[in-house]
Amino acid sequence: TLVTSPTETYEKVLPNIKKTEGGQHGATVLGIHLEGPFISPSKKGAHPEKHIKEFEKGFQSLIDTYKSLENVCLVTLAPELANAQSVISELCQRNIKVSLGHSIANLQEGEEAVKSGASFITHLFNAMLPFHHRDPGLVGLLTSDQIPPERIVHYGIIADGIHTHPAALRIAHRTHPEGLVLVTDALSALGLEEGVHQLGQLRIEMRMGRAYIAGTDTLCGSTAEMSKCVRHFKEVTGCSIVKALEAATLHPARTLSIEKTKGVLNFGADADLVMLNKNLELLSTWISGECVYRKCYCYSDCEHSQ
């Protein structure tokens, strides 16, 4: 994911993050998620407001900002922006998925975006209007009767125990379990010690295991890894192990329409696996049938833990 950035950053970075197969060198890159800059300043979260843009020239504004969409698979935008619907349609025609987020959209604007092709909601409950009984906003898409019956709206939700209250997790899960996608929202601060660190264009402060924009109380992402989110989600919702794991595997694969090869253990699918113990703690990671990481409990610098 690349968050709201200066235009020159997109020009430099996007051509260098190519879709690649994984292996010992690192994980498979399925594509880039562009989260901004076409978002609402009112729901910017940790995104720098000075770089937020509108679709003044429609889809051309998007091209002028990103320069190239070659390596992009997902774009998060605010559907209430002028010209957003035509931009959504054009992105979908180019086989790029559209997610709604960092938005003050009402439910009708969200429904129009889905009819134009949007199929995902970025970190549900966070950086959007809170649920209101007269207009539930983007949250209302989970039960909207205006979604075509053959369509399913997936939504990401951060189950790190910080960003989303357990009761909110339960509400989302019980309302629309098939659309739920666990996301970590983790940034490269994961694993860093307490204190201030420079990460890209932001100064990040680690306090009590949480990542804030330095000198503020604004969360700027999570420091949880996926297996922790799976464990927390299962514990607070009471769902089965299968359903918890599907929310981290099958459902995100369906979001990107790659469920024939990813997120499943079917014959012919890619042999990308994680081995977990009975407590859902990570034991090993496999890419294309090759073990690329194995947890070792011998000692900290043991050669097995790599």
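In table form, for the structure just shown:
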{"quantity": "Given the chain, longest segment not containing exposed loop trypsin sites (Lys or Arg not before Pro) (DSSP; at most 15 other Cβ within 10 Å)", "calculated": "152-259"}
{"quantity": "Gain upon complete extension [ILE17, ASP64; 0.36 nm per residue less C-alpha separation]", "calculated": "15.0 nm"}
{"quantity": "Charge context of THR28, other residues only, Cβ under 14 angstrom, K/R +1, D/E -1", "calculated": "-1"}
{"quantity": "In segment 91-182, chymotrypsin sites (Phe, Trp or Tyr not before Pro) in a DSSP loop with at most 16 other beta-carbon atoms within 10 Å", "calculated": "PHE131"}
{"quantity": "Inter-probe distance in nm under a simple model that places probes 7 Å from Cα toward Cβ, at LYS50 and SER257", "calculated": "3.9"}
{"quantity": "Three semi-axes of the equivalent ellipsoid, segment 200-272, Cα gyration tensor, whole Å, largest first", "calculated": "32, 17, 9"}
{"quantity": "Among GLY238, ALA159, LEU169 the positive-end extreme of the charge dipole of segment 137-243 (Cβ point charges)", "calculated": "GLY238"}
{"quantity": "Of all accessible heavy-atom area on the chain, the percent that carbon and sulfur account for (1.4 Å)", "calculated": "52"}
{"quantity": "LEU124 - accessible surface, heavy atoms, 1.4 Å probe, Å² rounded to 10", "calculated": "0"}
{"quantity": "Where the chain is the region considered: accessible area per residue in Å², 1.4 Å probe", "calculated": "51"}
{"quantity": "Stokes-Einstein D in µm²/s, Kirkwood radius over Cα pairs - segment 108-205 at 25 °C with 0.890 mPa s viscosity", "calculated": "162"}
{"quantity": "FRET E, pair LYS57, GLU225, Förster distance 51 Å, beta-carbon r, rounded to 0.05", "calculated": "0.80"}
{"quantity": "ILE147 accessible area, assembled protein chains, probe 1.4 Å, Å²", "calculated": "30"}
{"quantity": "Correct choice for P(r) over Cα pairs in 20 Å bins from 0, in percent that was computed from the model, options [x] 34, 59, 7; [y] 31, 62, 7; [z] 27, 33, 19, 15, 6, 0", "calculated": "[y]"}
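The values are calculated or read from the model by the stated rules, or taken from the named source; none is laboratory data. The structure presented is a predicted model; accordingly, all values stated were derived computationally and were not measured. Because the Cβ atoms are built from the backbone with ideal geometry, glycine has one as well, and the counts that use them run over all protein chains shown. In case anyone asks, the SASA skips ligands and DNA or RNA and just uses the protein heavy atoms, side chains included. Shrake-Rupley method; radii C 1.70, N 1.55, O 1.52, S 1.80 Å.
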